[in-house]
Amino acid sequence: MRKAPIKQELRKPPDFTIFFTVLILTAFGLVMVFSASYITALESRGDAFFFLRRQAFWIGLGLVGMYFTTNFSYWKWRKVVPLMLLVNFLLLLCVFIPGLGVETGGARRWITLGGPTVQPAEFTKLALIVFAAAFLSKKNINMQDFWRSSFVPLVMTGCSFLLILVQPDLGTSVALAMTIGIIIFAAGIPWKQLFYLIIFSLPLMLYFSLSEKYRMQRIFSFLDPWADPLDTGYQIIQSLYALGPGGLFGVGLGRSRQKLYYLPEPQNDFIFSIIGEELGFLGAVTIMLLFFVLIWRGFKTSLLAPDNFSSLLATGVTAMVAVQTLLNIGVVTGSIPVTGINLPFISAGGSSLFFTMCSMGILMNISRYNR
Amino acid sequence: MDKKMLQRTRIFIYLVIVIFIVLLLRLAFLQVYRYEYYWARAEKNRLRILPITAPRGEIFARDGEQLVTNRPGFTVSLVDLGQGYNENTITYLSRLLAMDEAEIWQKIDSQFYRRYLPVRLKTDVSMETVSKIAERRLEYPGVLIEVQPIRNYVHGKFLAHVLGYMGEGVVPPWVEEHWEETGYEYQQGEPVGQAGLELAWEPLLRGEDGGIQVEVNSTGQAIGEFERVEPKPGHDLYLTIDASLQLVVEEALNETVEDLMAGNNRYAGEAAAVVLDPRCGAILAMADTPVYNPNTFSEDFPILEQDPHRPLVNKVIEEHYPVGSTFKMVTAMAALQEGAITKEGRVFCGGTITRYNATKSCFRGTVHGSLNILQALQRSCNIFFYEMGLRVGVDTLAHYCREFGFGSPVGLTDIFGEKKGIVASREFKRNLYQEAWYPAETMDAAIGQSFHSITPLQLANYTAMVANGGIHYRPYLVEKVVDCEGNLVMVAEPEVLHKMEVEQAHWETIQQGMSLVTTPGGTGARMADFPVKVAAKTGTAQVVGRDGSIPAHSLFVAYAPFEEPEIALAVFIKHGEDWRGSTSLPVARKILEAYFQIPTD
């Protein structure tokens, strides 16, 4: 086992497979965001290029961020952990401050200083991944001692989870919890502790999902969306009506009919349905394979990482992309409950796109020190 | 790197691979195995949103008389069932609805970005058409019959220019701008108020449309209703208009004009009258002739457009005319306030006057002898007012015109389109002819000839100002606005736009002069037997014709009762002063009889 820091001269070139996969995915996302949104954007904003322009702007910003993190030696992240945690909680609270927080569609998820809006929850994911990786890779950590190891990142995550949940943003909080869970698991939480953890959290989760009738309906509507086709089942039905008729080869780029108001905000969470409709099974599988390549290279980076911190960090950012991708595709294919989570690199997004690209930069930086 | 950590990370790789494979299989199941099932379902069974048009607010007269309401009508629409529009269906519909195919395609194209919505082709079709479509609906898929509220103007032409009409056209650009500023969104191609109250009150009259989400089958028939959002009806308007008085005014104007036209007066054909409350500016009646029938506006349009008497123009506010002697109170006020004459001061009328090389005579060459301002108003002596005009000068005269609300809109905003009219002045002549003002012209201006041109509403407002001592109230038509549940949304408040700063005694002088008009010896002596004391002024606006035989416009302004004025009115009959004498006076008399409920003989 080797120990950081490593001399600058030992750096290798980063894993370019990661870089090119990200590039292809974002470029593809740009095309699909335009295809999915131009009609609704023209109608509602009088500008067909609205989402295209915004997406291009954030991809540009993301590339700058990715370039920075690729060259920012990963062990330096350790030093900014307290600062990141502080900023995280401040931002999450800012959402609730009138004037700073922006309310859209009944949810307070964004903050603004007049310009573009930023979603603090996206930063939360990165901040907590770095924190959990840094904390659990400390020399004196004994994973057998639950209260002094796994419990700490769990508490931090729990607090953020609740703050994001009340926004409300179920999808992001679930993805966050799962990502941090994976880091704790990878760090080596004993099976016994894991068992107890699940036993204790199960009643809480059940209570939460069953406490409100609408929530339960929403969660289980994916099993039979036709039971309530205009409320809870609506999006799933519309998504299936997009995917199904797409067939093997799709109806052709730009020719989706479901994006014409059947599927609400087709450039966001349900963009994968539009891909499946326009480019067919083959197009959808191509995208899934690209994601698989990225995730596989991410875990490979983690396996070959020079130390525990970098390994956990690589696992964390890779898990984040994997969790979101699988949850998103699971939702749009009607395989799991609707959670409201976007497809990394592809869905129209601002801060989510930016922070995901920055995370990929971290991954690439770690890959420069791989054994 | 811990062995354990490596092991556990590997677990994830396997897990991710498994989930990926599951999702791939799921996708293959949906897109390949079940392709035909979903394709058929998506093509044939579509969720559609059928908008439910909100009923527009109704309009009532002040006495509760219903003027505008809605009735159910059938609308033929076309729905895209996923395969585009069927050529045969469109050919069939074009024949059935007597529309060009190109027109139908244009309607479809205009809705390209909302093509999940039905395209409305024709509203208010007959029951016969509906049953024809219903019989053959399997042959022609995608044709939909909806029941929609159709605007119903209960009394046809009654109050037409005030109420306006509905159309699917566009609104004037400035109205659109105004709506944009106030945040009112209107959809082009949707029915929208085109004139009168329908246009000006569109944002409140129009409710919020609702909608039903339905699943339609391959012929476009709804097979299941899912969610229904009820439309919110528009607000109701209660007007200041007194329906029974309005009816009297309209009938009197129509009869008068018909009589004139039947009597070989080929110039006659237009007339207007306004009655308002000088205590607040509320308009009690507002009529002109000819008008359109708002129920059949679009069918009648080609004829209306050709009519030389312009039924599309609201002559009360959108047209201005010479006013003749009804103007003389302006000159009288200018002369009194500027000290050109006192109440007692006298001028000798010898039938003619010669000043600045111009000789002008009194009306029809009458010789009035020596008279004071009261007698001058009573007998409408031109010589007296020529002299007054020359004493105060054209600039002062123009100033008093503007004080009385001439030369600019008087502020009616409940319906749009008020014209500003013309005040005779040096500037106006210079702009028109690039010529200087001749002093002799001041004489014409002083008796209401020259360039003066005034809307009937301005005339009535000015009469009200004489009656109430110089207060210019904003004229208004809408007394209150009530929502569909009966809650009060808005109540009109009288608004003072201007108050003339002149000696109170001068108002009394002029009022007294006007009251003498309806006494024996006055120009309105035909009103002498009227049981309520009426202050009035007659007017005969000469029109210079090539052969000199064009009948003059006939005007009459009045307010009553003299002591406590409740109504002020102005009547204008275009070319209404022929061999029979004034035709506006009998109209005014009928209005006053109706208002004071005096039985006619």
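The values are calculated or read from the model by the stated rules, or taken from the named source; none is laboratory data. In this text, all values refer to a predicted model and were calculated from it rather than measured experimentally. So basically every Cβ, Gly included, is an ideal-geometry build from the backbone, and we count neighbours across all protein chains shown.
Closer than 21 Å to residue B:283 by Cα and among the small types (Gly, Ala, Ser), is that true of residue B:196? The answer is yes for residue B:196. Within region A:94-105, at least one residue is part of a helix (DSSP H, G or I), surrounded by 13 or more Cβ atoms within 10 Å (Cβ to Cβ) and either free of Cβ contacts under 8 Å to residues at least 40 places away in the same chain or polar (S, T, N, Q) (or both).
Annotation: of all residues in region A:42-68 being without any contact (Cβ under 8 Å) to a residue 24 or more places away in the chain and of a type in the set (Gly, Ala, Ser), the one that is farthest from the other protein chains (Cβ to nearest Cβ) is A:60. Being farther than 25 Å from residue B:476 by Cβ and without any contact (Cβ under 8 Å) to a residue 60 or more places away in the chain holds for only one residue in B:340, B:358, and it is B:340. Scan region A:114-158 for residues that are under 16 Å from residue A:179 (Cα atoms) and touching a residue at least 12 places away in the same chain (Cβ under 8 Å) and report the count. Count: 22. Taking the numbered list (1) within 26 Å of residue B:595 (Cα to Cα); (2) surrounded by fewer than 24 Cβ atoms within 10 Å (Cβ to Cβ) in turn, residue B:323 passes all entries but (2). Counting only strands (runs of 3 or more DSSP E) that fall entirely inside region B:203-253 and contain at least 3 residues that are out of contact with any Leu (no Cβ under 8 Å at 6 or more places or on another chain), modelled with pLDDT under 95 and within 14 Å of another protein chain (Cβ to nearest Cβ), the qualifying elements are B:222-229. Only one entry in B:398, B:376 is farther than 20 Å from residue B:512 by Cβ, of a type outside the set (Asp, Glu) and assigned by TED's automatic domain parsing to the domain that holds residue B:501, namely B:398. When region B:510-544 is filtered for residues that are surrounded by fewer than 24 Cβ atoms within 10 Å (Cβ to Cβ), of a type in the set (D, E, K, R) and in contact (Cβ under 8 Å) with a residue 60 or more places away in the chain, only B:526 remains. Residues in region A:49-69 that are surrounded by fewer than 16 Cβ atoms within 10 Å (Cβ to Cβ) and either at positive phi or touching a helix residue (DSSP H, G or I) at 6+ places or on another chain (Cβ under 8 Å) (or both): A:49, A:56, A:67, A:68.
Only one of the numbered conditions (1) in a helix (DSSP H, G or I); (2) without any contact (Cβ under 8 Å) to a residue 12 or more places away in the chain is not met by residue B:436, and that is (1). The single condition among (1) of a type in the set (Phe, Trp, Tyr); (2) free of Cβ contacts under 8 Å to residues at least 24 places away in the same chain; (3) outside any helix (DSSP H, G or I) that residue A:296 does not meet is (3). Can residue A:325 be described as within 11 Å of another protein chain (Cβ to nearest Cβ) and touching a Lys or Arg at 6+ places or on another chain (Cβ under 7 Å)? Taking the combined requirement at face value, the residue does not satisfy it. Selection of region A:129-157 for residues being exposed (fewer than 14 other Cβ atoms within 10 Å of the Cβ) and more than 19 Å from residue A:191 (Cβ to Cβ) yields A:138, A:139, A:140, A:155.
Of all residues in region B:472-499, which are within 20 Å of residue B:406 (Cβ to Cβ) and surrounded by 17 or more Cβ atoms within 10 Å (Cβ to Cβ)? Within region B:472-499, B:472, B:473, B:474, B:475, B:476, B:498 qualify. In this structure, is residue B:594 in a strand (DSSP E or B), buried (at least 18 other Cβ atoms within 10 Å of the Cβ) and of a type outside the set (Val, Ile, Thr)? So residue B:594 does not fit the description; no. Which is more than 27 Å from residue B:420 (Cα to Cα) and either within 36 Å of the chain's Cα centre (by Cα) or among the charged types (D, E, K, R) (or both), of B:364, B:310? After ruling out the rest, the residue left standing is B:364. The residues listed here are B:541, B:560; of these, the one that is touching a helix residue (DSSP H, G or I) at 6+ places or on another chain (Cβ under 8 Å), in the same structural domain as residue B:333 (by TED's automatic domain parsing) and closer than 19 Å to residue B:321 by Cβ is B:541. Within region A:159-183, the set of residues being modelled with pLDDT of 90 or more and surrounded by fewer than 23 Cβ atoms within 10 Å (Cβ to Cβ) comprises A:177, A:178, A:181.
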